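For reference, the structure discussed in these notes is given below.
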Amino acid sequence: MKLTGAAATAYFRKPDPDAIGLLIYGPDPMRVALKRQDVIKALVGPKGDEEMRLTRMAAADLRKDPAQLIDALKAQGFFPGPRVAFVEDANDQIAPAILAALEDWQAGDAQIIVTAGNLKPTSKIRKAFEMHQKAQSAAVYDNPPTRDEISNALKDSGLNTVPSDALETLTGLAMDLEPGDFRQTLEKLVLYKLNDPVPLSAHDIDACAPATSDADLDDVLNAVSEAQSAKIGPLIQRLSAQGVQPVGLCIGATRHFRTLHTTALTGSTYLKGPRGDRIRRQAQAWGARRIEQALTLLLDTDMQLRSSSNAPQMALVERALIRLAMLGRN
């Protein structure tokens, strides 16, 4: 059975304890891993691992010994409670083992949780989970958590008093951070507000949010956003000398322009003080339409960097950023 949208989000929080299994797949391993952690914790509880009710196996190990998955389904541990057999980084090379486990599953067996990369619609594993009446399949795409997902995550952690303006700030922050960094920020917030009856505020979020990017990276992104093309080359040379990789620079630029896009559409940003004021000025100068053009250019550049092109990668990024700065002048 295929889960999408709100149905997938709800299932990650509260999976069916009587289901045969769940496939979680997508292009971002961190996002997939975070959803998998939520599901397994909901199924076996926080002590499931130490009580040996969770069996982990890598795809490479399962390829060498296909029978170990069925063995994990049937094994009865010393501690009572639901059990999970977790297969990580699955691909169609181990499809026969997973399909056999789905076929052999009986009531009382461990639930099968499988994670994978960006599976094609023709994938045998994906088709098996999508077509099964007692198994689920859910794709996790490269999207930041929604306002409702953030609110639910905080409530699940015991932080119930979250005003709407604080949620708006966190929603903006989620667009600017990697998923793992954002999850850590939420965990810090819960600890920071422990036994504090005062509602969550922007000041609390600022105190727990990770430090801003390296100053040189901020400098080059501001130079691009403010149409200062002459500054870009020397700043990129400094970043390159610091060990910054072309893909990382492209990702940073994409994240910056996503923040500008949100600010242009909503008129607000989670960033406070002088940096927030600067972001608002940049967003106003660019406008949503040109920011969308910039994001398209950055996406194309990212695809070039990840292709087999022999072109110098840092030169590709520098050219793209200069083009963006020129676009900002129009």
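The values are calculated or read from the model by the stated rules, or taken from the named source; none is laboratory data. Quick caveat, the model's predicted, so the values are computed rather than measured. Note that each Cβ is placed from the backbone with ideal geometry, even for glycine, and that neighbours are counted across all protein chains shown.
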Give the residues of segment 41-62 that are in a helix (DSSP H, G or I), under 24 Å from residue 8 (Cβ atoms) and among the aliphatic types (A, V, I, L, M), sorted by residue number.
-> 42, 43, 44, 59
Per the filter on segment 63-106, residues assigned to a strand (DSSP E or B) and on the phi > 0 side of the Ramachandran plot are 89
Quick check, is residue 114 free of Cβ contacts under 8 Å to residues at least 40 places away in the same chain and assigned to a strand (DSSP E or B)?
-> no
Are any of the residues in segment 21-40 closer than 26 Å to residue 52 by Cβ and assigned to a loop (DSSP other than H, G, I, E, B)?
-> no
Flagged pairs (Cβ under 7 angstrom, 6 or more apart or on separate chains; first in segment 191-212, within 14 Å of residue 276 (Cα to Cα); second modelled with pLDDT of 80 or more and of a type in the set (Phe, Trp, Tyr)) are none
Inspect segment 136-144 for any residue being surrounded by fewer than 17 Cβ atoms within 10 Å (Cβ to Cβ), farther than 15 Å from residue 23 by Cα and under 24 Å from the mean Cα position of the chain (by Cα) and give the result as yes or no.
-> yes
Test residue 159 against the criterion of being surrounded by 19 or more Cβ atoms within 10 Å (Cβ to Cβ), assigned to a helix (DSSP H, G or I), touching a Lys or Arg at 6+ places or on another chain (Cβ under 9 Å) and modelled with pLDDT under 90, and give yes or no.
-> no
Look through 102, 34, 73 and report the one residue that is in contact with a His (Cβ under 9 Å, 6 or more places away or on another chain) and either over 26 Å from residue 187 (Cα atoms) or surrounded by 15 or more Cβ atoms within 10 Å (Cβ to Cβ) (or both).
-> 102
Look at residue 13 and say whether it is touching a helix residue (DSSP H, G or I) at 6+ places or on another chain (Cβ under 7 Å), touching a residue at least 12 places away in the same chain (Cβ under 8 Å), farther than 18 Å from residue 90 by Cβ and surrounded by fewer than 17 Cβ atoms within 10 Å (Cβ to Cβ).
-> yes
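Matching residues to (1) of a type in the set (Asp, Glu); (2) not assigned by TED's automatic domain parsing to the domain that holds residue 254:
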position: 155; (1), (2): no, yes
position: 158; (1), (2): no, yes
position: 161; (1), (2): no, yes
position: 197; (1), (2): no, yes
position: 226; (1), (2): yes, no
position: 235; (1), (2): no, no
position: 238; (1), (2): no, no
Say whether the condition of being surrounded by 14 or more Cβ atoms within 10 Å (Cβ to Cβ), farther than 26 Å from residue 167 by Cα, under 22 Å from the mean Cα position of the chain (by Cα) and modelled with pLDDT of 85 or more is met by at least one residue in segment 249-260.
-> yes
Would you be able to say whether some residue in segment 300-311 is touching a residue at least 40 places away in the same chain (Cβ under 8 Å) and touching a Pro at 6+ places or on another chain (Cβ under 8 Å)?
-> yes
